[in-house]
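The values are calculated or read from the model by the stated rules, or taken from the named source; none is laboratory data. Predicted, not measured: the structure shown is a model, and the values here were computed from it. Here the Cβ is made from the backbone with ideal geometry for all residues, glycine too, and neighbour counts use every protein chain on show. Accessible surface is based on the protein model in full, side chains and every heavy atom, while ligands, DNA and RNA are left aside. Shrake-Rupley method; radii C 1.70, N 1.55, O 1.52, S 1.80 Å.
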Amino acid sequence: MQALLRAYANAWSQAGAANLATLVNALDASGKALSPEDNVPAALKPDFNQSIAGLNRFPGLRRELVRIGSQLPWMQGNMKMPESFQGRFAYVELAGPRGKIANNDISFGLYLQQRAVIYPSHWHAAVEDYLVVSGTAMWQVDDGRFVARIPGTHIEHASNQPHATTTQNDPLLAMWFWRGDIRDSTYRIVGVDA
């Protein structure tokens, strides 16, 4: 797990987000055991495999995800989602309130979205950074137009700034990072009652 954190921090550094890399490098993951089981949801396994195969820009991260990526605690959360989005994404919280590394100040991990899926406009109090590591996705901020984001693109969303993501031909694998008010209770998504 410590090697994965180093690769995660290096990817942020490569993307020009040294401040996030510093926060990741300050954490200790030694002694954090992973399940030997494959934890990627079955419906997402082909997208996970395609994303790892396409993870060429970040070789250290690719090496670690090939080694232990499927053993990470992938989850789909318990928040209400539109039916068209349910079961079409998964995420890992490496550090945070529910993370392998407990932390109440920051939260970060990995995000996987199937191809041809719309993650509707949503917002939350946390300042959120994404780093696209595999696949090209269309990103919308506020009410702007959707813009293609390729691997290596760093995207930052301000607190409570609406944003949406659409995948087309490729699944999306991204790193995410929450800071500030990281409470899940502030999360809202268009079309779903709180």
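Odds and ends about this structure:
- Inter-label distance for Gln86 and Asn160, nm, one decimal - labels placed 7 Å from Cα along Cα-to-Cβ: 3.0
- Residue-normalised accessible area of the chain, expressed per residue, 1.4 Å probe, Å²: 45
- Antiparallel content of DSSP bridges confined to the range 71-121, in %, to 5: 80
- The gain in end-to-end length when the Ala148 to Thr22 segment is fully stretched comes to 42.6 nm, 0.36 nm per residue minus the alpha carbon separation.
- Once the chain from Asn169 to Val66 is taken as fully extended at 0.36 nm per residue, the excess over their C-alpha distance is 34.9 nm.
- Surface composition of the range 49-111: carbon plus sulfur atoms contribute 45% of the solvent-accessible area (1.4 Å probe, protein chains only, all chains present).
- When shorter helices are ignored and each DSSP H run of at least 4 residues is given -39500 (n - 2.57), the per-residue value for the chain at 222 nm works out to -6000 deg cm²/dmol.
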